[in-house]
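*Asks:* I am attaching a structure below and will ask some questions about it afterwards.
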Amino acid sequence: MFELTEEQRMLEKTMRQFCEKELEPHIEKLESGEMLPYDIMRKMMVIIGLRPEPGSEASSSEGIGGIGSAMGDNMMSSIILKELSRVSPGFAIAWGASIGLAGIAILRRGTPEQVKKYGIPVLRMDKIGAWALTEPDAGSDAFGSMKSVARPKDSGYILNGTKTFITDAPYADVFVVYAKIDRGQPKAEQPVNAFILERGMEGLSTGKPFEKLGLKDSPTGEIFMEDVFVPAENLLGASEKKGVRDQAKESLGTERSGVAPICWGIIEKCYEQSLAYAKERVQFGKPIGEFQAVQLKLANMYIMLKNVENAVFRLAWMANTGKRDMVFICTSKTYAAQAAVQAALDAIQIHGGYGYMMEYHVEKLMRDAKLLEIGAGTSDINLLYAARLEMGLTKGKI
């Protein structure tokens, strides 16, 4: 449970080589927006066996079993996220949001027709997916403050609203969008459902990528819906079932669980670079690693690394065995995010002025790590939710 299998170590090695060869050389262009991450993602999917070779005669459904299996084995997907995050947490998040949120949501909850038309192309990265819940006035209170509405009309719905801070939105082809169904009842009684939208639908548009502190290689933007007609067959699952909030919370749980592997990669890289630098950087006639202040930072970084690593193993075990411990998911997400930020700050401090320069990479890891304390539920919200669950003060509201 606390050691990688031979198969997992092979994946780790393959991903390490891929990231060093195919991802790391392009970080500057990815961060500037000169280059988009999606072609690299498609190449990665081929290398790890989740996408057919270009020009192959594979059918549209071939390979979906492998994708489902890989995403179903949470430790395998965690290793992919960890290795990507050593080089680019933003790249990891952009890939994870398309595949792990939008694609998996359709795969698990869509009709066979929806899976074939939308899910498989997203999971194979023939199309880019976006999972859209957050709104300008609905962040932590995602459901209570939601203003996006779908009004039934003819054989479908008229959808209006705005989504923001949506990963991959500027370039997505398929959107899983949450909205309240308005049949004239009070807003508090309007059920929330998910709809599958396609780029090109009349009234659907996206904004340009946001300029951000970090995660610059993860395109993030807004989605605008103005009287978008959505056919009834594009309602996710094709039925206005109760419990869609629970389905959304399941996706949020998946998103929060995915934060720990990203933090694992950040902390591991920060620790390795800091340890090496402490041995080679000489001041006052000896390596700086011989000074207690540096030793304490390295030791604390190691503690955080192993705590987060152990959390990833437990999260993977929980996912693979169907156990759902939201208290652990929320608290481990919070701890891992805070640890990643602290590890990156300590790495910069150990590197001194060099740590502040882009050449040494730890500055990027610090910028990228900060969002992990905000996205997928802020640290405060996750801790409050966990505490209320433990005290019996909530029945599952987010």
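Every number here is computed from the coordinates shown, using simple stated rules; none is lab data. Keep in mind it's a predicted model, so treat the numbers as computed, not measured. Positions of Cβ are backbone-derived with ideal geometry, glycine not excepted, and every protein chain shown enters the neighbour counts.
*Asks:* Between Lys43 and Arg151, with labels modelled 7 Å along Cα→Cβ, what's the label distance in nm to one decimal, could you check?
*Replies:* Reported label-point gap for Lys43 and Arg151 is 4.9 nm.
*Asks:* Additional query: Quick one: P(r) of segment 245-391 from all Cα-Cα pairs, 10 Å bins, percents rounded to integers, in order of increasing distance.
*Replies:* Taking all Cα pairs of segment 245-391, the binned fractions are 12, 38, 28, 15, 6, 1, 0 percent.
*Asks:* Rounding to the nearest 20 debye, state how big the charge dipole of segment 77-232 is about its Cα centre with +1 on each Lys and Arg Cβ and -1 on each Asp and Glu Cβ. Before the final figure, lay out the partial values.
*Replies:* On the way: 19 positive and 18 negative charges, 81 e Å.
Roughly 380 debye, rounded to the nearest 20.
*Asks:* Still on this model: Can you sort Ser140, Ser78 from fewest to most other Cβ atoms within 10 Å of each residue's own Cβ? Provide the component values of the computation, followed by the final result.
*Replies:* On the way: Ser140 15, Ser78 24.
Arranged by neighbour count, lowest to highest, Ser140, Ser78 become Ser140, Ser78.
*Asks:* Shifting gears a bit: Pull out the extension gain between Asn300 and Lys323, defined as 0.36 nm times the separation in residues minus the alpha carbon to alpha carbon distance; nm, one decimal. Working shown, then result.
*Replies:* Numbers: separation 23, 0.36 × 23 = 8.28 nm, distance 3.06 nm.
Result for the pair: 5.2 nm of gain on full extension.
*Asks:* Follow-up. For the modelled label position 7 Å from the Cα of Asp137 along Cα-to-Cβ, which residues of segment 168-208 have backbone nitrogen atoms closer than 14 Å?
*Replies:* Correct set: 187-188.
*Asks:* With no solvent and one point per C-alpha, what does the Debye sum give as log10 I(q)/I(0) for segment 334-387 at q = 0.13, 0.21, 0.30 Å⁻¹?
*Replies:* Values, matching the q order: -0.35, -0.70, -1.05.
*Asks:* Beyond 19 Å, what share of the Cα-Cα pairs of segment 131-241 is found? Please give it as a whole percent.
*Replies:* Numbers: 2540 of 6105 pairs.
Of all Cα-Cα distances in segment 131-241, 42 percent exceed 19 Å.
*Asks:* For a 20 Å ceiling on Cα separation, which of these pairs sit above it: Lys116/Lys153; Lys306/Lys333; Lys208/Lys333; Lys127/Lys364; Lys29/Lys212? List each step's numbers first, then the result.
*Replies:* Numbers: Lys116/Lys153 26 Å; Lys306/Lys333 15 Å; Lys208/Lys333 29 Å; Lys127/Lys364 28 Å; Lys29/Lys212 15 Å.
Checking Cα-Cα distances, Lys116/Lys153; Lys208/Lys333; Lys127/Lys364 exceed 20 Å.
*Asks:* Calculate log10 I(q)/I(0) of the chain for q = 0.07, 0.10 Å⁻¹, where I(q) comes from the Debye formula with a single equal point scatterer on each Cα and nothing for solvent.
*Replies:* Each listed q maps to, in turn, -0.33, -0.66.
*Asks:* With unit charges on the beta carbon (Lys/Arg positive, Asp/Glu negative), name the residue among Gln8, Leu101, Ser379 whose Cα is farthest towards the positive pole of the charge dipole of the chain.
*Replies:* Among Gln8, Leu101, Ser379, the one farthest towards the positive end of the dipole of the chain is Ser379.
*Asks:* Can you sort Trp95, Trp264 by how many other beta carbons sit within 10 Å, fewest first? Mind showing how you got there, number by number?
*Replies:* Numbers: Trp95 25, Trp264 29.
So the residues, fewest neighbours to most, are Trp95, Trp264.
*Asks:* Taking the chain as the reference, fit the longest principal axis to its C-alpha atoms, fit the long axis of helix 292-321 to the helix C-alpha atoms, and give the angle between the two in degrees, 0 to 90, nearest 10.
*Replies:* Compared with the principal axis, the helix lies near 30 degrees.
*Asks:* Right, another one. Where does each of His351, His26 land when they are ranked from fewest to most other beta-carbon atoms within 10 angstrom?
*Replies:* Numbers: His351 22, His26 18.
If I rank by nearby Cβ atoms, fewest first, I get His26, His351.
*Asks:* Can you give me the convex hull volume of the Cα atoms of segment 6-127, divided per residue and expressed in Å³?
*Replies:* Numbers: hull volume 12.5 nm³, N = 122.
Expressed per residue, the convex hull around the Cα atoms of segment 6-127 is 102 Å³.
*Asks:* How large is ³J(HN,Hα) for each residue in segment 123-133, as worked out from phi by the Karplus curve 6.51 cos²θ - 1.76 cosθ + 1.60 (θ = phi - 60°), to whole Hz, x for Gly and Pro?
*Replies:* Values, residue by residue: 5, 8, 6, 5, 10, 9, x, 9, 10, 10, 10 Hz.
*Asks:* Still on this model: Among Ile303, Gln349, Thr394, which residue has its Cα positioned farthest towards the positive end of the charge dipole of segment 294-396, with +1 placed on the Cβ of Lys and Arg, -1 on the Cβ of Asp and Glu, and the dipole taken about the Cα centre?
*Replies:* Toward the positive end, the furthest listed residue is Thr394.
*Asks:* If I model a spin label at Glu233 and Gln338 as a point 7 Å from the Cα along the Cα→Cβ vector, what separation in nanometres do I get?
*Replies:* Taking the two extended label points, one gets 5.0 nm.
*Asks:* What's the extension gain from Lys241 to Glu24 if we count 0.36 nm per residue and subtract their Cα-Cα distance? Present the calculation step by step, with values, prior to reporting the outcome.
*Replies:* Values: separation 217, 0.36 × 217 = 78.12 nm, distance 4.47 nm.
Contour length minus Cα-Cα distance gives 73.6 nm.
*Asks:* Using +1 on the beta carbon of Lys and Arg, -1 on that of Asp and Glu, and nothing else charged, what's the dipole of segment 193-238 about the Cα centre, debye to 20? Show your work: numbers first, answer last.
*Replies:* Numbers: 4 positive and 8 negative charges, 55 e Å.
Rounded to the nearest 20 debye, it is 260 debye.
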